[in-house]
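The values are calculated or read from the model by the stated rules, or taken from the named source; none is laboratory data. A quick note: this is a predicted structure, and the numbers were derived from the prediction, not measured. Because the Cβ atoms are built from the backbone with ideal geometry, glycine has one as well, and the counts that use them run over all protein chains shown. Just so you know, the surface numbers come from the protein's heavy atoms only, side chains and all, with ligands and any DNA or RNA stripped out. Shrake-Rupley method; radii C 1.70, N 1.55, O 1.52, S 1.80 Å.
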Amino acid sequence: MAKKNNSFRGKDYTPFSGSPTDVARLGRGPKPGHEQTAFEDKDPVDWSRLAQTSAYKDLIHRKIRFIVPACVFFIIYYFALPILVGFAPQLMATPVWGKVNLAYLFALSQFFMAWILAGLYVAVANRLDKRAREVLDSHQNRKGGK
Amino acid sequence: MANSLLMFLVFVVITLCITYWAARRSQGTAGFFAAGRRITGWQNGIAVAGDYMSAASFLGIAGLIAFNGYDGFMYSVGWLVAYLTVLFVVAEPLRNAGKYTMADVLAYRLKPRPVRAMASLSTLTVSTFYMIAQMVGAGTLVALLLKDSGISFQTAVIGVGALMIVYVVFGGMLATTWVQIIKAILLMGGTFALSLMVMGHFGFSLSAFFDAVTQVHFHDKTGAEVVQNFLQPGLKYKPPYGPWDLISLGMALILGTAGLPHILVRFYTVPDAKTARVSVVWAMALIGSFYIMTTFLGFGAATIVGKDFIGANGGTNMSAPLLAKALGGDIFFAFISAVAFATILAVVAGLTISASTSFAHDFWTNVVHHGKERKPGEEVFVARVTAFVVGGIAITIAIALGQTTNVAFLVALAFAVAASANLPVILLSLFWRRFTTRGAVWGLGSGLLSSMVLIALSPSIMTVDADTVVGAARHMIQHAPIFPLENPGILSIPLGFLGAVLGTLSGREPEAERMFTELTVRANTGLGAEKPSNH
């Protein structure tokens, strides 16, 4: 790639295309490093602009709308087990299915609760991946293509 | 007895071959610390499960159920539910915004040196305590399972220590991952076969099984025969403190699992956040089925082998191996014993690599040398040296403690530190714009300190023993416990959060607030996340 022109060695300060002393290739890509202003150079991604895009806001909104209720639910459901078993042991000892009591079934249901919530989250998150993709695409377009 | 040694040696030979393969294959810093970020979702999922299902789960929970019935099962529930926190809040942001350790996410917008130094201290504390507990367990297991083979406690501890150092130093994360995968498959296979045999014993009838569980026969201390319903709650966790201890443990599990350094580093070994998510789901499928199967193991041991026989032949931890012997004969007993060793070995290897990664990446490169490697490969070199040192320290302490010391509290301590120190600062740095460096340092400090102090004041350390208890089995402080619970989470977690919040409110850090947007965009979209290596 770095093809040097030997006859000009020592005199030509732009010995190959794209060297630090080369001029910007108009419209064909991002500015070379030396052309950027100090501000552009400092932060190549405009994070606050990305955070303001509707795609990003929608992504965060949907994520929160699933995660917050899901966390509240599983924390209540999980701590209900030691609280009920600890403070209402007679109620929990009630046989439900043959000799199997409420306490055992409730503990067993915790496993299925965790699996179901995990499954729901994956379904939501897979859809959100597309949203995240859109946010990244808007960033690529802003940079002027490839 | 020689059979189990032979089977264990087969496991060792296979894992050493993998280490040799991994050593030739893994190159560069990301290769050593993160297996080149090319582990697939299901592979990492199995490895996470392997890292998590320690001998304490396999032998300990089976024993807890065999001796305390339902309460042991209730104890095991939290270990799976805890993964919801990992899945919802930690795995993907960590993969998107970090490089090798959890401190990467903290240092992203806070002042790197103080934050990394404290995070590294907390990681090393968690890993070392957890490792010592596992190694004492390994030594004890050898004394029980191989008592005729002439292998002593010391030899077992040194052997396990030396092997884990070899895996980590030569094979790095790639070898450690495959050791976990093989071990997890062996453990799941062994547990599944054993559960099947238990059900076979009851003619594959669930009602016959539960009928037996409601009428467990054994002899109490006075020699009188007792018939007990093992589905009855409250056999172990009795009022006034029992339920509180369980709630406290639940808090430590639900917040601590997402702060365990050896689990967190696993999410850096996959190509992207989506794969990290897939791997948590795989891990949850495995871990959940494993803990449900421990019911069959524990109740099976209680009904088929009996509390009396287990108590006379090595105690609670021997429940699963003795059940294997009763149902599958000596060969199966040997297989289950070998699986138990493999389990311990894999877990300590995982702990060693997370401790060395944190010391080399956080402390050596970023704190001591301001984020610059002085020459290429320095970070990996330092990590290898750390693996030797950490391994040596763990071996020495495990031998000094000896096999009669009760080390279960070290596991409780590891989870308490992870939940009280690590997780509050991870959460606050991801979700609170105002969070500052001082908040992180105070949070890590108060969580670490309060967990350790509360454990020292708990019944695990402070108990008045009867005169019949002698030697290392005696509690360290002969005094009535000041803190009544064995699990400090219920108090230390709020203290960890309190430290972090007070530290933050005592000043402002505009730079950290400005960088918050950048961190959240990265964490949620994966823009600029570390890429997998190409080779």
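Worth a mention:
- Under a 5 Å amide H cut-off, with hydrogens placed 1.01 Å from N, B:Phe202 pairs with nothing among residues at least 5 apart or on other chains.
- Residue by residue along B:70-81, Cβ atoms of other protein chains within 10 Å of the local Cβ number 5 on average.
- Per-residue ³J(HN,Hα) for the stretch B:428-439, Karplus 6.51 cos²θ - 1.76 cosθ + 1.60, θ = phi - 60°, Hz, x for Gly and Pro: 5, 6, 7, 10, 10, 4, 6, 4, 10, 4, 5, x
- From phi via Karplus (6.51, -1.76, 1.60), per-residue ³J(HN,Hα) for the stretch B:413-418 in Hz, x at Gly/Pro: 5, 4, 5, 5, 5, 4
- In percent, rounded to a whole number, the relative contact order of chain B is 29, using alpha-carbon pairs under 8 Å and six or more apart.
- Carbon + sulfur, % of accessible area of chain B - ligands and nucleic acids excluded, 1.4 Å: 67
- The residue among A:Leu102, B:Ala346, B:Phe483 whose Cα reaches farthest toward the positive pole of the charge dipole of the protein assembly as shown, with charges on the beta-carbon of Lys, Arg, Asp and Glu, is B:Ala346.
- Mean residue ellipticity (222 nm) of chain B, computed from DSSP H runs ≥ 4 via -39,500 (n - 2.57), nearest 500: -22000 deg cm²/dmol
- Placed amide H near B:His219: partners under 5 Å, 5+ positions off or other chain: B:Val226, B:Asp308
- Helix B:242-256 and the longest principal axis of the Cα set of chain B meet at an angle near 40°.
- Close amide H pairs (under 5 Å, H built 1.01 Å from N) link A:Asn101 with A:Val96, residues at least 5 positions away or on another chain.
- Table column - 3J(HN,Hα) (Hz), the stretch A:79-84, Karplus curve with 6.51, -1.76, 1.60, x for Gly and Pro: 6, 4, 5, x, 5, 5
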